[in-house]
Amino acid sequence: MMKIVRRDNGVLPLAVELLAKYGLGQGDSLTLLDLGDDTFLLTTATSHVPALVAQMEAIRIEAGITLDDLLSGAAEQRCQLYQERVEGLDDRI
C-alpha cells in the first residue's frame, strides 16, 4: 500500500517505481473510476466508449439520421414495452 498526498496545486504524484512498472511517462493518460464509498480506481486502461460513440455518430450522420429522428419514436416505444410487460405480468398472475 502506498500513501499519496495531494499537492496544493491539485496534483496527485505517483511514485517513480509505479511509473516505471507501468511504463508511464509525461503526458500519458490514466482513467479514474469513481466506485463510490470513498473509493476510486486508477487504471492505465482507457475506455472504449468514447471511440464507439464517435463511430456511431459518424454512421448516424452518414445515414442522414438526425437526433430528432432517433428520438421521435422513443415515447411510443416506451409505451409499447410497458404494455407488453404489464400484459405479461397479468398472464403470470
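Below, the figures for the structure above:
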{"read-out": "Within the range 35-93, tally of residues that are within 26 Å of Y22 (Cβ to Cβ) and among the polar types (S, T, N, Q)", "value": "5"}
{"read-out": "First in the range 26-45 and closer than 18 Å to V11 by Cα and acidic (D, E), second anywhere and open to solvent by 70 Å² or more (accessible area, probe 1.4 Å) and at pLDDT 90 or above, Cβ under 6 Å, 6 or more apart", "value": "D34/F40"}
{"read-out": "The listed residue being open to solvent by less than 100 Å² (accessible area, probe 1.4 Å) and either modelled with pLDDT of 90 or more or closer than 30 Å to K3 by Cα (or both), out of V53, V49", "value": "V53"}
{"read-out": "Flag if G88 is at positive phi and open to solvent by less than 90 Å² (accessible area, probe 1.4 Å)", "value": "no"}
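The values are calculated or read from the model by the stated rules, or taken from the named source; none is laboratory data. Model, not experiment: these values are computed from the prediction. Quick reminder, even Gly has a Cβ in these numbers, built from the backbone with ideal geometry, and neighbours come from all protein chains shown. The accessibility values were calculated without ligands, DNA or RNA, using every heavy atom of the protein model including side chains. Shrake-Rupley method; radii C 1.70, N 1.55, O 1.52, S 1.80 Å.
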